[in-house]
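Some notes on the structure that comes next.
The values are calculated or read from the model by the stated rules, or taken from the named source; none is laboratory data. Predicted model only: the values in this text are computed from it and were never measured. Cβ atoms come from the backbone with ideal geometry, glycine included; neighbour counts cover every protein chain shown. Surface areas here come from the heavy atoms of the whole protein model, side chains and all, with no ligands, DNA or RNA. Shrake-Rupley method; radii C 1.70, N 1.55, O 1.52, S 1.80 Å.
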Amino acid sequence: MRHNRWILLLAAAIILLACAVPSSLSELIAPAPTPTAVPTPTVMPVPMETPSPATASLALLEQEIIQVYENVGMGVVNITNRSYAYDFFFRPTPQEGFGSGIVYDEQGHIITNYHVIEGASELFVTLADETTIPARVVGTDASNDLAVIQVEALPELPAPIPMGESENLRVGQFVVAIGNPFGFDQTLTVGVISALGRVIESPDERFIGEIIQTDAAVNPGNSGGPLLDLSGQVIGVNTAIFSPSRASAGIGFAVPVSTVRRVVPELIAHGYYPHPWLGASTWSLTPERAQILQEAGMDVPVPEGILLVQTAPGSPAERAGLRGGRQQVRMGRVILPIGGDILTAVDGEPIASDRDLTLHLETQTRVGETIQVTIWRDGLELEIPVVLTERPH
């Protein structure tokens, strides 16, 4: 009985083992699961960054400046002024100065400053391609610091640089200066118009009015080169800087193109510019000076104006009947004729100083024109017509 029980247990164990063991070896290896497809990520295009209005404006400005240089840069030349000094043994020693110039026309005329060619024994013009040509002086005007020279041989000159206008200039307007500072030819600098209507002293110690002030870098050697607007037109001729170190300090001055248009044709035609002339020596009145004159016994009905000290014989002032001083007083170390007319206006424009009179005559009148001069004489205000003539050379 016990034997049968063990047989039954053994049979049951065999049956259970048979159910647990696979019928083939392939069933021992579980099939690899079918991989699940991984979705391909969608790549979104990165949008191009739209430039800001400020960036776009700067790019446009940059392109305009480049275009100015490419269009007119060849028309700016280098001018060499060669003169001779003598050493202790009387041997000639050449001395050279440099400046810039503007090709004006196809006849070889070049505009520059008077002080660039002043005292020259020889002049040479160097073009952008480094061709050097002798030149001669055609005409000069120290009072406006302008001169015209002409190349003696006529090679293939660059195209003339067009002249612009001065009337519509505005402070803050971008400008370009091209020249040869310190001998580095074809140098471009950029800035803005800093001020208009400045007055500077001319080489003959008179006054130049309507001057353009700019912060575009202007250095020695830039003199005579153009100040240009962004259309590539000349709006001035660079002439001077204000700087203790003689290098650019951000204050440069240019003779306006309105003066260039007035003066240059006369220099080409006659060799000089005919300056309008009143023909009177004057003395600027201030309230302090007026008080001194009153204490000296002169009737001074206005605090400002210019006292006519003397009229030149045969001058427009004398022919019009204007009066100079009739008695003399000592003012410090100066003996001053007093009692003459006090001029207060020309053509209705107030005149408060010698400088005002010079600037008005230079910029607003021409030789042969009649001006209306307002004066005070013997306590009365009078208006007297005066026909201007040419200032003696």
Evaluate the stretch 246-254: report whether one residue or more is open to solvent by 50 Å² or more (accessible area, probe 1.4 Å), part of a helix (DSSP H, G or I) and modelled with pLDDT of 90 or more. no
Give the stretch 167-187 a look and list any residue that's under 14 Å from P220 (Cα atoms) and in a strand (DSSP E or B), or say none. A177, I178, G179, T187
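Let's see how each residue does on (1) of a type in the set (G, A, S); (2) open to solvent by less than 50 Å² (accessible area, probe 1.4 Å); (3) in contact with an Asp or Glu (Cβ under 6 Å, 6 or more places away or on another chain):
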{"position": "F90", "(1), (2), (3)": "no, no, no"}
{"position": "S100", "(1), (2), (3)": "yes, yes, no"}
{"position": "Y104", "(1), (2), (3)": "no, no, no"}
{"position": "G108", "(1), (2), (3)": "yes, yes, no"}
{"position": "I111", "(1), (2), (3)": "no, yes, no"}
{"position": "L123", "(1), (2), (3)": "no, yes, no"}
{"position": "I133", "(1), (2), (3)": "no, yes, no"}
Taking I268, is it open to solvent by 10 Å² or more (accessible area, probe 1.4 Å), at pLDDT 95 or above and among the β-branched types (V, I, T)? yes
Looking only at the stretch 135-146, how many residues end up being part of a loop (DSSP other than H, G, I, E, B) and surrounded by fewer than 16 Cβ atoms within 10 Å (Cβ to Cβ)? 0
For the condition under 24 Å from E106 (Cβ atoms), open to solvent by less than 70 Å² (accessible area, probe 1.4 Å) and not polar (S, T, N, Q), what is the one hit in I161, I193? I161
Residues that are assigned to a loop (DSSP other than H, G, I, E, B), open to solvent by less than 70 Å² (accessible area, probe 1.4 Å) and in contact (Cβ under 8 Å) with a residue 60 or more places away in the chain, drawn from the stretch 347-393: A352, S353, T365, V367, G379, L388, R391
Restricting attention to the stretch 71-88, does a residue exist that is farther than 28 Å from T259 by Cβ, aliphatic (A, V, I, L, M) and modelled with pLDDT under 80? yes
Matching residues in the stretch 147-166 - criterion: being in a strand (DSSP E or B), more than 15 Å from the chain's Cα centre (by Cα) and at pLDDT 95 or above: A147, V148, I149, Q150
Within the stretch 288-307, tally of residues that are in contact with a Leu (Cβ under 8 Å, 6 or more places away or on another chain), touching a residue at least 60 places away in the same chain (Cβ under 8 Å) and of a type outside the set (V, I, T): 1
